[in-house]
1. Decide, for region A:18-62, between rounded, prolate and oblate: order the square roots of the alpha carbon gyration tensor eigenvalues as a ≥ b ≥ c, take rounded if a/c falls under 1.5, and otherwise choose prolate if a/b is larger than b/c, else oblate.
2. Report P(r) for chain B: all Cα-Cα distances, bin width 10 Å, range 0 to the bin holding the largest distance, values in whole percent.
3. Rounded to whole Å, give me the distance from the Cα center of region A:226-275 to that of region B:91-119.
4. Mean-square fluctuation check for chain A, GNM, Cα pairs under 10 Å: which of A:Val312, A:Val304, A:Val32 is largest?
5. For chain B, find the longest principal axis of its Cα atoms and tell me its angle to the long axis of helix B:258-270, 0 to 90°, nearest 10.
6. Would you mind telling me the antiparallel percentage of the DSSP bridges in the protein assembly as shown, rounded to 5?
7. Going by the alpha-carbon gyration tensor, a ≥ b ≥ c the square roots of its eigenvalues, is the protein assembly as shown rounded (a/c under 1.5) or, if a/c is not under 1.5, prolate (a/b greater than b/c) versus oblate?
8. For helix A:207-218, what angle does its Cα long axis make with the longest principal axis of chain A, in degrees from 0 to 90 and rounded to 10?
Protein chains: 2
Amino acid sequence: MVSMTSTAPVASHGPVTRKDVARYAGVSTAVVSYVVNGGPKRVAPATEAKVQDAIRVLGYRPNAAARALKLGSSETLGLIIPDNSNPFFSLLAHAVEDAAAELGFALLLTNSGGSLTKERRHIRNLAARQVDGVFLASVLFEPDLEDLAKADIPCVLLNNDRETEGFNSIGVDLAAGARTAVEHLLWHGHTRIGLAMGTNVSNDIDGRELGWREALRDAGVAEGPIIHSDFTRLGGYLAGQRLLAGPDRPTAIFASSDMQAIGILRAIHEAGLAVPGDIAVTSFDGVADAEYSWPALTTVEQPVRAMAAAAVTALVGAARHEPAQHRIFPTALHVRQSCGCPDGNAPQGA
Amino acid sequence: MVSMTSTAPVASHGPVTRKDVARYAGVSTAVVSYVVNGGPKRVAPATEAKVQDAIRVLGYRPNAAARALKLGSSETLGLIIPDNSNPFFSLLAHAVEDAAAELGFALLLTNSGGSLTKERRHIRNLAARQVDGVFLASVLFEPDLEDLAKADIPCVLLNNDRETEGFNSIGVDLAAGARTAVEHLLWHGHTRIGLAMGTNVSNDIDGRELGWREALRDAGVAEGPIIHSDFTRLGGYLAGQRLLAGPDRPTAIFASSDMQAIGILRAIHEAGLAVPGDIAVTSFDGVADAEYSWPALTTVEQPVRAMAAAAVTALVGAARHEPAQHRIFPTALHVRQSCGCPDGNAPQGA
């Protein structure tokens, strides 16, 4: 057992420093740092106990603000996402947090709630806090980055499929992903394929809409109806009701997010129709909810963990001094049952 | 229009201060602070433009680390949750972030992933960063708070229905909530009511298990089967399969989380049985997923926003100097269809 008895500090000069702790515990100052900060490297339990004992005995108290002033680093990163209640973004936030923690960075999480005003306020706030970098999943395809540039804070654009001169950006090929989901419905023989498209703050056409259009054009199939609505369950539900009520009801629907698809499933169930028998559905994102909807959704999966790791590497990791780069990750169609395929698979891990 | 032309700084002494900016813009230093920090009070757009112009002209750059050192406050709070991919916790995190932002605090979000080791590392890390306070949704009913107490960092225990001497805590009455969900199934005439109970790191019996037991005992009904499994969709799916396969299949199941209930619905669908016709289901939490499952879940709702607001008030708001208090919030049964009630309601907001 480690003794908890209070002993007079061995060093009597000024406040106790990390160096004092290291000397007392017989370890390097780096090891003290790992113990105090909970990383980035692991410390053997016995060594950790020695350091913790030294901290107690000496009454060492690390001063984060003084340290930040000295290092010129707060060891903190900011993340701005449009909506934490959307599981795609909470998955992304989780993955970014894990990857940042590996390098010893903590994450300030902010939600813009889909509002450009709030997004700008968050950017200014993070700049004022002098975070070491910002991950921005903007509500715009081309966000205003002046405040970050002015404060000299590096930024990685997340969830962005467009290139922005001078900025690192990470995204997926939305159009190519959408194509695979629509082509799969075409392969099942559908020729009336509707689109439930989420609404963006920008007026630019979303890559998923382009992909849907291209797949139909290349197959020589006429475009089905499009309904624009929120990227949410409720948005999908309302879009589903409108798609079902139209004069030329589609036999298949591609939804631009899993959340919308879940709302569409509800609208179809309520109308007394069957999925995929009466209407097939495919969607985009690949969140856990898609696996547990009824029927389970065939969806285009985004490689969230790989994207988060690349974002952290570009912002504060090995690639931080390299020129800004636009990285597009490939998606993969995860086939389940909502498209009409037989699927006897149990959930992952079962 | 505000002139963007670069002018020589009006003050030539040392670095530009907030006071210089205030004088140049003709506003108070508080207003400069609101603009720089994006709150907590709103500033009229015209005034904000004047301040931004002054910042540009004078080349003012706020120094967060110096400010923290001077104020003795990082204006940052920490939040530790067990699992950000559980929508209940992402909802809670979102609500805490909003309530903290109202008071000008940013939020460092960390996930323990259900691991006590990780939780302890996060606590130490947040203490080292000298956050102004920590919200801890622990994996334990009685977490180890020594590190926070040692660093003199106030803490509010979130999602905790037990009282911990000397600490603010916020929770719901799990047993009372579970009772309402089970009593509702009894009211529907069920007499074989199973329990899918989440597994806690502590060995203590969860309030939801007690509530289920008490409701059955008071009704003179024998206890149905209990399956303990993870508080996740997969945990529920596996519990559902076991409950269906047992010798005395229950006609109703109470699940201790909405996530488990969603997994149970999948197991029931896959077995070719109907909900609520063959098996009724009720659950606990009240997340958005419960509204969009098929059928929609009757669930015990936790008042997440009110709990988050109370937690922020206790930690850094009006109640921060009051003695520590244990606050238990009431839950409400939200009746939908999975219990057997008719429900013609469209989703909220439709």
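All of the numbers you see were taken from the coordinates with simple rules; none came from a lab. Keep in mind it's a predicted model, so treat the numbers as computed, not measured. Methodologically, a virtual Cβ is constructed for each residue, glycine included, from the backbone with ideal geometry; neighbour enumeration extends over all protein chains shown.
1. On the way: a/c = 1.56, a/b = 1.38, b/c = 1.13.
Prolate shape, in that a/c is at least 1.5 and a/b is the bigger ratio.
2. 5, 22, 25, 19, 14, 8, 5, 2, 0
3. 34 Å
4. Residue with maximal mean-square fluctuation among A:Val312, A:Val304, A:Val32: A:Val32.
5. Once rounded, the angle reads 40 degrees.
6. On the way: 7 of 75 bridges.
The antiparallel proportion sits near 10 percent.
7. Details: a/c = 1.96, a/b = 1.26, b/c = 1.55.
Cα axes put the protein assembly as shown in the oblate bin.
8. 30 degrees
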